[in-house]
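FYI, it's all coordinate maths here, none of it is from the lab. Just so it is clear, the structure is predicted and the values come from calculations on it, not from any experiment. Note that we place each Cβ from the backbone using ideal geometry, even for glycine, and neighbour counts take in every protein chain shown.
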Amino acid sequence: MKSYKIIGILFLFIIISSCSISKKISKNLIGNWKIESVEFVENENNTEHVINTIKGITNQSYIEFTADKKYKLHIADKELYDTWTVSEDGKQILSSETERYFEIISFIENQLILESINSKSKVIIKLQKN
């Protein structure tokens, strides 16, 4: 009987700590993030022209994550809006409406590195918090 209590306590601890990781990342994510660089690791349909254009406009681009779980992606003169959540394990940022997700490669203080993967390309995005 004692072993069931210990297993139950360990299980509860794992659940609580995973929730706190997600909440901590969500809290630290809120704010403006300047896109420092975009690296195409694999690309099937992107021409060199498209890749160079995206790399050339990163200095004007940013993502704003808000406390009400919305984000605005500003690239050059275009803005895209969506909602976001952080996965329970804190390893992904999920985009609710477009069903897109970003793997969190690194999140250290004011620097965030994301990996976006879809069926045709893999992109590494480096962001710096303003």
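Can you compute the FRET efficiency between ILE75 and SER20 using 1/(1 + (r/R0)^6), with r the Cβ-Cβ distance and R0 = 30 Å? Round to the nearest 0.05.
Once rounded, the FRET efficiency stands at 0.35.
Counting charges near GLY31 (Lys, Arg +1; Asp, Glu -1) among other residues having Cβ under 11 Å from its Cβ returns a value of +2.
Each peptide in 71-80, 86-95 receives the mean, over its residues, of other Cβ atoms within 10 Å, and ordering these scores from highest gives 86-95, 71-80. Modelled label positions at ASP82 and GLN60, each set 7 Å beyond Cα in the direction of Cβ, lie 2.2 nm from each other.
Residues in the stretch 70-95, backbone N under 14 Å from the label point at ASN32 (7 Å along the Cα-to-beta-carbon vector): list them, ranges by number please. Only 72-76 pass the distance filter.
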